[in-house]
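These notes concern the structure reproduced below.
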Amino acid sequence: MHCPRFLLTIIFFAVASSLAAQEKDGFFLYEDSSRQLSPGAALQLFRDGKFNATPAGDNNKGFTRSVFWLAYMNPVDRPADSLLLSIGHNHINRIHFYYADSLPVLQWITGDHYPFAQRPILATGFYFPVQRKGLYLAKIDKANESLQLSFRTYAKTAALAMETRDKTTMAVFTGMLLLLVIFGLYLFIIEKERLYLYYILFISTGWLWVLSNAGYGFEYLWPDAPWFASKARPVFTLVPLIFSMLFLVHYIGGVKLRKIRIAIRILISLIAGSVVLIFFVTEKMHDTDVWLFLQYLIPLNPLFYIVISFGVLIVASWQGNRFAMFYLAANIVLLLSAVLQISFSFGSINRFGHFFSKYGLAVGYVAEAIIITAGLVYRFNRYRLDKEKLLVEMNRRQHENTRILMDVQEAERNHIANQLHDVAGSLLSAAKLNLSSLREKEWSNNRSTSLQLEKTEEAVGLVSDMVRNLSHALSPVMLAQVGFKTALEKVVSIFNVSDQINIHLVVIGFEEYKPAFNNYYTALYGIVYELLNNIVKHSRAKNALLQVMEYDDMFTILAEDDGIGLTGNATEKKPGLGMAGIESKINYFSGSIAFDKVTPSGLIITIEIPISNDAVQDNTGR
């Protein structure tokens, strides 16, 4: 009698202990490798003790072909919406959530393969209300992909406060990245260089990778596109690598080794092909070899990128390329941040674990973007300084070339003037003397012949005077002798003698010849001659006014005529090489020229040539 009672007592306590164990609150996990388990069968397996008790937290399952069943025993009834069961990671394809008091009752179906609005709580993570006492089951399906699983419970207020804090933090990071993108756009608009376009695309797509990895892309950018939600992470993992590599090559000034250039092209092609392949893979293909091939191919692309990019950057940095140093430092920061986030997520490091497990990647990417932007600023300033130096050198050379051109022109003018004055003038003077002698001695009795010789003598004399005047106009050899004002009067008289135009000259200043201003006098003389020549040839004017004025700090020339003025577009104000010569002299002295139309007809040309301080000091002897 005692023996059966004793056995019954043992059996009773065993069953009670078993039931008590099943009623204990906490998490239990079961791996369904067949992926065929029904909710009822899963509940029975739980009751049979086949589920493994698992502490709340993170479980990295890695690549898996299985479906996982999560059981949570809620020990007490709770007020509505007071407790939330969180299931992560943020990228689980499907979650079927059941309440299983006696039979499993489906409460929610959600996941990345469903619209975002289908989530029980509209938040970045997966949160399920837990109210009634009893067992809750969740079928977690991310078969044929990598699964980082986590589960824990939160008070609803605490969960929503955490979500708000996380979103605020990411919004701050996003604002920082947006400012950097705007800065890159500003540089692109100014420089029109592809480098800055690659920078913008690299920073933008890279941040989309961060947002999609954290779940914010699905929540805010494509909430109604579940077909893209599962593709966003691999796509934005690969696309930034393309723009990063293009940016890298342009940023460091190119890659010299042909084999490395070929390797970069192959890598870019491989990444682009992988992206295209991702878009072609449908949900039905997740069990095929194509999808498995992609699962292995996708991680290889970043690995190849790291090997090639770090190799190029290390070599370029070793050779003293400062841009490569910036980029290498930025990539190291991002890589370290990614390692830290993984370490904190897996619990390898606990200090500051919550912050870095959530924002490690974002912090690393923002830091990388800031370092690269600092490198861009350095590059922009350096190139700007190089351009300024180049412009200064070009201006110096142009100034020197103009001086040489002016010297050559003056030398040619002097040569021609000397030939006209010394040779042609002397011959004409001799001819005039011979004609005079012939007229007086040989033909004195022949009135008609003497008169013809007299006319011929007068014509030769007129030609001789014109040749002499022309020689003086070509080369103002008499500037130092007769002064600048008298030289101008002589030039004007040459043009007036044609009776085609009446030129009135007004000269203000120039009371004395200043040797220190000899270059100015020569240039002004040449400008006046070319201006008058242009007026006579092109303006069809009958009258003209020429004013030449000397001030303490500048010379001013004002030429006004009643001709046809400017016609057509602005370029017609330069009728020929004469005006080009004028402008070259003006530019040489850093002067200015302005053209103003006169109503009803005519043109006013105003020229201002500043006097340099060096010339003033040379003139005053200080």
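Every number in this text was worked out from the coordinates using simple rules, so none of it is lab data. Treat the numbers as computed from the prediction; the structure is a model and nothing was measured. Please note: Cβ atoms are built from the backbone with ideal geometry, for glycine as well, and neighbour counts cover all protein chains shown.
A few notes on this one:
- Karplus-based coupling profile of segment 278-286, in residue order and whole Hz: 4, 5, 7, 6, 9, 4, 5, 8, 5, with θ = phi - 60° in 6.51 cos²θ - 1.76 cosθ + 1.60 and x standing for Gly or Pro.
- Extension gain, Tyr383 to Glu191, is 68.1 nm, computed as 0.36 nm per intervening residue step minus the present C-alpha separation.
- Radius 12 Å from Cβ of Tyr99, net charge of other residues (Lys, Arg +1; Asp, Glu -1): +1
- Here the simple spin-label model places points 7 Å from the Cα toward Cβ, and for Lys133 and Ser82 these points are separated by 1.3 nm.
- Rounded to the nearest 20, the Cβ-based charge dipole of segment 26-160 about its Cα centre (Lys and Arg +1, Asp and Glu -1) stands at 60 debye.
- Kirkwood hydrodynamic radius (C-alpha pairs) into Stokes-Einstein, segment 13-157, 20 °C and 1.002 mPa s, D in µm²/s: 139 µm²/s
- Computed lengthening from Gln107 to Ile332, 0.36 nm per intervening residue step minus Cα-Cα distance: 76.4 nm
- Pairs of lysines in segment 164-394 (C-alpha under 28 Å apart; 8 or more residues apart or interchain): 9
- Between the C-alpha center of segment 115-143 and that of segment 178-199 there is a gap of 43 Å.
- Highest to lowest packing among 160-168, 282-290, 228-236, scored as the average C-beta count within 10 Å: 228-236, 160-168, 282-290
- Space enclosed by the convex hull of the alpha-carbon atoms of segment 164-394, per residue, Å³: 152 Å³
- Placing unit charges on each Cβ (+1 for Lys and Arg, -1 for Asp and Glu) gives segment 164-394 a dipole about its Cα centre, and among Leu211, Leu297, Leu390 the Cα reaching farthest toward its positive end belongs to Leu390.
- Counted by Cβ distance under 12 Å from Tyr383, the other residues give a net charge of +1, where Lys and Arg count +1 and Asp and Glu count -1.
- Cα shape, segment 191-292, gyration tensor, a/c 1.5 rule: oblate
- Per-residue Karplus couplings for segment 35-47, computed as 6.51 cos²θ - 1.76 cosθ + 1.60 with θ equal to phi - 60°, are listed in order as 6, 10, 5, 7, x, x, 5, 5, 4, 5, 5, 5, 5 Hz, Gly and Pro entered as x.
- Dividing the mean sequence gap of close Cα pairs (under 8 Å, 6+ apart) by how many residues segment 145-294 holds gives a relative contact order of 18 percent.
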